[in-house]
Amino acid sequence: MEAYFDNSATTRVFDSVKDVVVKVMTEDYGNAAAKHLKGVEAENYIKEARSIIAKTLKVQDKEILFTSGGSESNNMALIGTAQAYKRAGNHIISSNIEHASVYRPLEYLEEQGFEVTYLPVDHQGHIDLKELEGALRPETILVSIMYVNNEIGSVEPIEEISKVIKKKNPDTLLHVDAIQAYGKLEIYPKRQGIDLMSVSGHKLHGPKGVGFLYIGEGVKIKPLIYGGGQQKGLRSGTENVPGVAGLGEAVKEVFTNHQEKLDNLYGLKDYFMTRIQELDGVWLNSQPGQESAPQIVSVSFEGIRSEVLLHALEEKGIYVSSGSACSINHPGVSGALKGIGVKKELLDGTLRFSFGLFNTREEIDYAMEALKEMLPILRRYKRG
């Protein structure tokens, strides 16, 4: 049996996504910029995908910009807006549990003369709204906060965060990394006060190498890529039509009977959290139910290194990831596990289990039996 619990790293695509991608690559393979029929067919795939995505967010089609994925979307949101608004100020606010595709661009911006304030989080992985309010200055041009943390699944109160920002400094923009949130939570940027939002296709059963950036109307942004002027000059380069078409199809699938799919994910998460607590020497770093995202559970195992346990599970066809694989490791900013106060001796014994729409309870039962069998053996081995 195989049990894939690394869906926050990447997901298996829907069959319908595979079919659309193959069709575009082999039949409707025109360049979307071409004036002939093949080009028009290609452009129609892009228009349709943009419309599908915009409807799920209740935004305008023109506010969706296609990118190569989450990292590019985050880089563009941060660097593009910082450069566009640098005359208005040079201060940016973020948190100390962001993904590398946020903190690395912020490091770059610091090298360019911008100042970045990193907010700490509490034991549930949430920033303090009063600390946010205190950090805001007249020269704060941008706040970047991830919606769902990729390590522990904590959900930030985005709407409340936006209200704090806009009340004190209406011109400050809010960027949200929604790479682990889109398709898992209800997100409406206009209602929630989100100005920019990053999404990646392969986190929601779509293709790799494609994503989008929501850019609210009126938000200025400087391109990172110059050339042929595609996508209204904001991102030059021949559009990835197969990827975009596949992304549109994945979004359509995810949002069909969406609540039913979410209920199933929450059910899997809660079932897993109940079963895992049957084991000795196990600590949960994620919150139950709707207090955290439906697809991510971080688990710390006493007396075992995560890498050893990961490979032991792999031998039984069970795939998970290290809980600290994407943690921040540069001076002054800690990863999510350190940020929420996980004990030092457990930091190197943490795994992330993340669920997708293809997972079943039977797979969870299989993983629990494997863990019951191997944990005592691995712990004896370490002591020896």
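The values are calculated or read from the model by the stated rules, or taken from the named source; none is laboratory data. What you see is a predicted model; the values in this text were computed from it and never measured. So basically every Cβ, Gly included, is an ideal-geometry build from the backbone, and we count neighbours across all protein chains shown. With ligands, DNA and RNA removed, areas are computed over all heavy atoms of the protein, side chains included. Shrake-Rupley method; radii C 1.70, N 1.55, O 1.52, S 1.80 Å.
Some notes on this structure:
- Compared with the dominant Cα axis of the chain, that is its longest principal axis, helix 241-254 is turned about 60°.
- Cα centroid separation, region 334-373 to region 201-249: 33 Å.
- Our Cα-only numbers for region 1-96 put the radius of gyration and Dmax at 18.4, 58 Å.
- For the chain, the carbon plus sulfur part of the accessible surface works out to 51%, probe radius 1.4 Å.
- Total formal charge among the other residues, if their Cβ is under 12 angstrom from that of residue 228, Lys/Arg +1 and Asp/Glu -1: +1
- Spatial offset of region 76-113 relative to region 1-67 amounts to 29 Å, using the alpha carbon center of each.
- Against the chain, whose longest principal axis is taken from its Cα atoms, helix 158-168 shows a tilt of about 50°.
- Mean separation of Cα contacts under 8 Å (6+ apart) over length of the chain, as relative contact order %: 24 percent
- For residue 155, net neighbour charge (Lys/Arg +1, Asp/Glu -1) across residues whose Cβ lies under 11 Å away: -1
- Shape of region 58-105, Cα gyration tensor, a/c cut at 1.5: oblate
- Over the C-alpha trace of the chain, radius of gyration and Dmax come out as 21.3, 71 angstrom.
- Prolate/oblate/rounded label for region 82-226 (Cα gyration tensor, a/c 1.5): rounded
- Net charge of the neighbourhood of residue 39, taken over other residues with C-beta under 11 Å away and scored Lys/Arg +1, Asp/Glu -1, is -2.
- 1.4 Å probe accessible area per residue over the chain, in Å²: 43 Å²
- Considering only 144, 51, 300, the mean-square fluctuation computed in a Gaussian network model of the chain, springs between alpha carbons under 10 angstrom, is largest for 51.
- Of all lysines in the structure, the ones whose alpha carbon falls short of 27 Å from that of residue 168, not counting any fewer than 8 places away in one chain, are 58, 86, 130, 190, 220, 222.
- Prolate/oblate/rounded call for region 212-321, Cα gyration tensor, a/c under 1.5 rounded: prolate
- Taking the longest Cα principal axis of the chain as reference, the axis of helix 258-276 is set at about 30 degrees.
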